[in-house]
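Structure record follows, encoded as structure tokens.
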Amino acid sequence: MSADDQQFWDLLSSVPNHVRQYSGDVAGYVDQAVDKAAEAIRETMASTPWLPEYARPNIPPPPPVQVIPVSAWGRTQAWISRNKLISGVLVCIVGYATYRSVRHSKLLRKSRRARRARNGGRLEVVVIAGSPSLPLTKSLSLDLERRGFIVYVTCNTTEDELMVQSLSRPDIKGLPIDITNPLSAGTSIERFASYLQTQHAAVPRAKPSYLTLTSVILIPSLHYQTSPIATIPPSNFADLFNTHLLQPILTIQAFLPLLTSRLALPPLPHTGNDDGDNDGSSKNSNENSENNDRRGTKAPRVLVFTPSIISSINPPFHAPEATVCSALSAFTEVLTGELRPLGVPVTQFRLGTFDFTGFVPARNPHNTGSLPPSVETQQWPEAARLAYARNFEIQSSSAISAGRIRGLKGSSLRDLHHAVFDVIDGTEKSDVVRVGLGAGLYGFVGRWVPRGIVAWMMGIRRVNELSTWEGSYSGSGSERSNSENGEGHEYIAVGRVDDGATNVWKEV
């Protein structure tokens, strides 16, 4: 049998297979169509109301649904697909928290030490313009001295100098400067500049080196009176602005000539080695290297500390602190704009609360140094007590009374010390640095939360009962004379129109 015959027989043998396959496909299609038609007819007859009950076919129950267990990953994906907005917010929060934690752990491992000379002597000078009695001044001066700085603390009185000497640290020194006398303050600054332009040896017979002014840190007073505006005597406002606002401004003004100029170094002495002595050449090159390093140092930085909790939300009965801190913040912004073109960085530290354990004496709960709010309000005029006493007492017992967060210990001073050093060495370049418990939170609250909600959360409520009009005050000639001489009371009469009547406060 030839090859053609074999091919023909193979073709014939495949015909039954193809017929079987096609017939099976046709039968399956017909069966499927018949089943669909029968199901449609069954459903139609079952839903027809005019057929009798016995003639209606029974619809078979649907097949059971197979339950497939979903994994935790699958459930998470399903929840994310249903809550895309919440998922995005959570991703941002987790990412920011991760970034902060990684950055914080990295900064904790950073070595923070001041630059020293080749022989180990100290080279960098920091001036702290603040009262030596403040716990913040003590802690910061001790920490900077421990890190290798020479610290100078401004002293206005002999008591301040004795307080600086009581720290018993050779590299923490007092800088006498009388801010109230411009001529004397200028002389003190010139004397200090001459001191920086003179070489100093760390120990006897050691090679002397020049000192470099690295930073000027301004620490205003952090203690403020808490009282309604109408019960604060005008003399208290005058003293407050003089000690808490004017004195820091005058301090910075006294240092501005030193900050905005470059200290010139005297020319190097001639060594007299005309024969090309190698030792003389190496010594001269070392001195040139040190002087070049000093000439190339960065400009001194200005750091201004201000409390931020009260000034962020401006609560009632904190007018002194809110006014002074807001004025200092505005002054710092103007100072930043003036010194930025000169290459002098200015950084404002907005402080929260800190744990000053070890720098302040332990408080006796029965003797806190100030009168309780209920006792203090008894010393007010009757009208002031009627209008303000209740809200003042409630607000004094709130969470942020007197600028501290009640019930919380405060941040560690180590956070402040690290932040100050990072600004001094140039690691932190922000114009505003928030550090301390509550500094960032209350800044956010003051920026975005309405004032009415903040006051309501602090317990401030509307006062409906006010004192009645008592008539205008017209004292005798002797009383007016005493008032003009400063012997009269220092409360200011404040008028208020309410329900058609006028209320004037008077001290009785």
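The values are calculated or read from the model by the stated rules, or taken from the named source; none is laboratory data. Remember, it's a predicted structure, so these values are computed and weren't measured experimentally. All Cβ positions, even for glycine, are placed from backbone atoms using ideal geometry, and neighbour counts span all protein chains on display. With ligands, DNA and RNA removed, areas are computed over all heavy atoms of the protein, side chains included. Shrake-Rupley method; radii C 1.70, N 1.55, O 1.52, S 1.80 Å.
Which of rounded, prolate or oblate describes the range 1-109 when judged by the alpha-carbon gyration tensor and an a/c cut-off of 1.5? Cα axes put the range 1-109 in the oblate bin.
Under 18 Å of direct C-alpha separation, and excluding same-chain neighbours fewer than eight residues apart, residue 138 reaches these lysines: 173. Across the options 183, 166, 156, the greatest Cα extent toward the positive end of the charge dipole of the range 137-197 (unit charges at beta carbon of Lys, Arg, Asp, Glu) belongs to 166. Nonpolar atom fraction for the range 7-92, defined as the carbon and sulfur part of the 1.4 Å probe accessible area, stands at 67 percent.
For the range 98-110, putting each phi into the Karplus relation 6.51 cos²θ - 1.76 cosθ + 1.60 with θ = phi - 60° gives couplings of 5, 4, 5, 5, 5, 5, 5, 5, 5, 5, 5, 7, 6 Hz, in residue order, rounded to whole numbers and with x for Gly and Pro.
When all protein chains stay in place and ligands, DNA and RNA are ignored, the 1.4 Å accessible-area order of 143, 171, 415, 31, largest first, is 31, 415, 171, 143.
Note on residue 179: accessible area approximately 20 square angstrom, rounded to 10, probe 1.4 Å, nucleic acids and ligands left out. Amide H contacts under 5 Å for residue 175: 153, 154, 155, restricted to partners 5 or more places along the chain or on a different chain, H placed in the peptide plane at 1.01 Å from N. Computed on protein heavy atoms with a 1.4 Å probe, the accessible areas place 42, 100 in the order 100, 42, largest first.
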